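So the structure is just underneath, and the comments pick up after that.
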Amino acid sequence: MAPPSSPPLVDNSDAERRLREAEERLRDAIEELQRRQRRAAAHAQQHRHVDSLPCDHGPDESCVAHAIGNLCQTFLLSYGVRVGIGILLRAFKLVRGQSYSSLLDLKQLVSEKDLIVREEACRIGLLFGGFTGSYHALRCLLRKLRKKETPANAVLAGSIAGFSIMALNDSNRRRTLALYLLARLAQCAYNSAKSKNKFHLWGSHWRHGDSLLFALACAQVMYAFVMRPESLPKSYQDFIQKTGPVAEPVYKAVRDSCRGHPVDVASLHAYLSRVGRSDYVKLEEFPSIIPCSIIHPATNSCLAHQGNATSLTFKKTFPLYFSLTFVPFVVLHLQKFTDAPFRTFWLAIKGAVRSTTFLSAFVGIFQGVICSHRKVFSRDHKLVYWIAGGIAALSVLLEKKARRGELALYVLPRAVDSLWYILVNRHLLPNIRNAEKPWPHFFEA
Ligand SMILES: [Zn+2]
Ligand SMILES: [Zn+2]
């Protein structure tokens, strides 16, 4: 049986052919149009006058007004964020002191005596405000001077505006920020090269590449903290010391025993009698390993110690993380916050719980690896602390995927800096740190 649709089939193929022809003509026309547009653009580029190259802030605003507007707005926002974090941390402190009524007392909450953030807030405002203000001013200037707009303009303006880092008074913080910004810049350059298929790092397409990088960086930092604390800046040492549960004299004893040096028995004894456990712990000058009874004298059970360490870290760091997620959001997105205050509050709590859980798990796992080593081996080795740091860093898997790369980028410069210091110290690398590197030296001054 012949299909009833055979004559339309012929029509169909005819229509198809015509459609194809029309399509081809259309494609030719579009290509011709694009060619003309490109020619016109190239022509305009060649004959462009100084005045006719428009700034991206539009013609109704002068370049100076644009730069000053940016400076003021950024200054106020960053000042607000810093003061807001200070107030919230003060409120947490009052709550912990059980003085709930004082929360309503403005004098106690924001008085100059207790809230010493004004100078720092000004410096941070000047840092970020100065950066954005001079960045926009420089870009307008370069656009006018060079009569063209290239990525080089943005890089040059950014590098010069980077001098606003001088607004920070602490040289260590300047160095930390400079390292962080360098890592960011390297990441931008790398991403751009990767997207253009110019070059990409072996392993960068792995699913957990960022977590691996974070683990390597943490291994180095935790090793440095135990064995080479002088290779980390003081603020870093203080942060790790305060977050973890083990006392400073104990770390020193571990360090000495790993290196085969005599342990400072007197200061260790003083520490143990301070916590009330000097009675039965026998101290030697050359122990093969510092035992659990000295690392956690408060309890005999390793499991209880790890549980305590984890929950204590949670309690200590939650206020900070909550303030760090909540305040910037409120200040930067005031409109969104007033639209949905409870939702914002809830999201901030969720984010802070997640980040605090990650940090607490880090501390718990680190202690766990150290205790487990003592259960199996009777000798200590300095690499135990490197490995413990790397394993503990796997807790970063509790964080959001996007945060993991950011955290890796935050710790990596510190780890490289510390490794560099140790290698120079062992004469494996020549010491060019202070002699031939002009700019890090400049930030250190
Ligand atoms: Zn301009
Ligand atoms: Zn233990």
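Within region 171-194, residues that are within 26 Å of S235 (Cβ to Cβ) have Cβ atoms under 8 Å from residues that are modelled with pLDDT of 75 or more and among the charged types (D, E, K, R) in these pairs: N172/K234; T176/R414; L179/R414; L179/D417, counting only partners at least 6 apart in sequence or on another chain. Within region 334-365, the set of residues being closer than 18 Å to A402 by Cβ and surrounded by fewer than 18 Cβ atoms within 10 Å (Cβ to Cβ) comprises L347, K350, V353, R354.
Considering the conditions (1) under 23 Å from C218 (Cα atoms); (2) part of a helix (DSSP H, G or I), L268 is excluded by exactly one of them, (1).
When R35, R82 are screened for being over 27 Å from L127 (Cα atoms), away from ligand 1 (no atom under 16 Å from the Cβ) and at pLDDT 75 or above, only R35 passes. Which condition from (1) crowded, with 18+ Cβ neighbours inside 10 Å; (2) closer than 25 Å to L216 by Cβ; (3) more than 12 Å from ligand 2 (Cβ to nearest atom) is the one that F326 breaks? Of the numbered conditions (1) crowded, with 18+ Cβ neighbours inside 10 Å; (2) closer than 25 Å to L216 by Cβ; (3) more than 12 Å from ligand 2 (Cβ to nearest atom), the odd one out for F326 is (2).
Evaluate the following for G368: is it modelled with pLDDT of 90 or more and crowded, with 17+ Cβ neighbours inside 10 Å? So G368 fits the description; yes. In region 377-398, the qualifying residues are those that are touching a Ser or Thr at 6+ places or on another chain (Cβ under 7 Å) and not in a helix (DSSP H, G or I), and the one that is nearest to A215 (Cα to Cα) is D380. Scanning region 245-301 for residues that are of a type in the set (D, E, K, R) and under 17 Å from V226 (Cα atoms) yields E248, K252, R255, D256, R259, D264.
The values are calculated or read from the model by the stated rules, or taken from the named source; none is laboratory data. Remember, it's a predicted structure, so these values are computed and weren't measured experimentally. Using ideal geometry, Cβ is built from the backbone for each residue, glycine included, and neighbour counts are taken over all protein chains shown.
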